[in-house]
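A.B. asks: Handing you this structure, nothing more for now.
Here, each number is a calculation from the coordinates, and none is a lab measurement. A quick note: this is a predicted structure, and the numbers were derived from the prediction, not measured. For neighbour counting, all protein chains shown are included, and Cβ atoms are generated from backbone atoms with ideal geometry for every residue, glycine included.
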Amino acid sequence: MALAAAIYPSSGSDGNGGDSAPGRASGDNTAAAGYWLEGKRTQVQIHGDNWIVILFMVVIAGFMGMLLLTLNQIVAPAKPNAIKSMPYESGIPDVRPVAPRYTPRFYVVAMLFVVFDLEVVFIYPWAVSFDHLGLFGFVDMVIFLGLLMIGYVYAWKKGALEWV
């Protein structure tokens, strides 16, 4: 709001109380850079104006976390013992210790998924603004996809994509 007042002061030299943009006729009712529409002044939205809302959300999130931790301390069992801590399933006590067996190959495949899935994050904005980027944007994306394809072929040849 202050930015619009600074750009177009309310008392101008057009004779109409500054209702038109500088350098324009006062009868011209077309939109000029989004500030005037049918001779009426509109507000300019400045991003970052509502920091109080963000601060409020951070305070509420912190309060909710502390509330849930405190509630857990109040409601949780107060006297744990060895029998209560033992794993029990279907009436049969566990014979061997529970330890998940993950091969390193699982983590390699997960990391490769993240790498190749992130390419979508970069391709989507490129596709949306493809008309504005022109030939430079097209060549840039071809190089990006070429590098990803080289990485994919390298991982394939090394056997990182085979599960067994």
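A.B. asks: Order these by the 10 Å Cβ neighbour count, fewest first: SER129, SER85.
C.D. replies: The most exposed by this proxy come first: SER85, SER129.
A.B. asks: So for the pair LEU135, ASN72, with labels modelled 7 Å out along Cα→Cβ, what separation do we get in nm?
C.D. replies: It works out to 5.9 nm between the two label points.
A.B. asks: Moving to a separate point now. If amide hydrogens are placed 1.01 Å from N in the peptide plane, which non-local residues have theirs closer than 5 Å to the one on ALA160?
C.D. replies: Under 5 Å from the amide H of ALA160 lies no amide H from a residue far enough along the sequence or on another chain.
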